[in-house]
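The values are calculated or read from the model by the stated rules, or taken from the named source; none is laboratory data. Fair warning: this is a prediction, and the values are worked out from it, not measured in the lab. Please note: Cβ atoms are built from the backbone with ideal geometry, for glycine as well, and neighbour counts cover all protein chains shown.
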Amino acid sequence: MQKLLHASTIAALLTCGCGRVNLPARSSDAPVLYHNEQHDFTFSLPASWQGYSVLAQQWEGHAAPESGPMIILRHPQWKASDPYQDIPILVFTRNQWEANRGAAFGIGAGGFEEEIRHNPKYVFRYRAASMPSMP
């Protein structure tokens with residue numbers, strides 16, 4: 001059974017290729033995975049996020065000409081009239097991350113910031129200040 005699950009997982013990864021993978025779950029509580037192949041980044045979401053959407057935007061630096069990708073994960077029940085809390089993930093190159101930590105440029109008007117993952121090329125940051133309150 002476990003070989004079948006691994007084979008299904010590999011098949012899903014190979015056929016999707018669109019930056020998003022929802023792996024077969026063994027139970028309804030299993031997490032949903034978002035994978036961004038371009039930046040080699042995987043993020044776990046609760047099972048209730050099955051059917052989420054992905055928005056691609058750009059973040060812009062202040063006081064320096066810096067910018068980069070911002071990946072927004074949107075809850076499947078989000079509506080303009082009743083928005084759910086988005087998960088914005090800012091993508092930095094290593095050089096941008098070090099410059100931002102050294103206050104060479106800023107992003108937004110403050111708020112909670114946290115590195116959530118990194119790899120040899122990129123640092124991924126979660127920014128709570130850009131998210132609306134949860135309903």
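Working only within segment 60-83, note down all residues that are more than 20 Å from residue 35 (Cα to Cα) and buried (at least 17 other Cβ atoms within 10 Å of the Cβ).
61, 66
Write out, first by first residue and then by second, each pair whose Cβ atoms fall under 8 Å of each other, whose residues are 6+ apart or on separate chains, and whose first residue, in segment 36-60, is free of Cβ contacts under 8 Å to residues at least 24 places away in the same chain while the second is among the polar types (S, T, N, Q) and in a loop (DSSP other than H, G, I, E, B).
Every condition considered, the pairs that remain are 47/28.
Just give me the residues in segment 115-135 being modelled with pLDDT under 75 and within 19 Å of residue 57 (Cα to Cα), in sequence order.
Matches in segment 115-135: 127, 128, 129, 130, 131, 132.
Every residue, every condition in (1) polar (S, T, N, Q); (2) part of a loop (DSSP other than H, G, I, E, B); (3) within 12 Å of the chain's Cα centre (by Cα); (4) under 17 Å from residue 122 (Cα atoms), yes or no:
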position: 43; (1), (2), (3), (4): no, no, yes, yes
position: 55; (1), (2), (3), (4): no, no, yes, no
position: 70; (1), (2), (3), (4): no, no, yes, yes
position: 73; (1), (2), (3), (4): no, no, yes, no
position: 76; (1), (2), (3), (4): no, yes, no, no
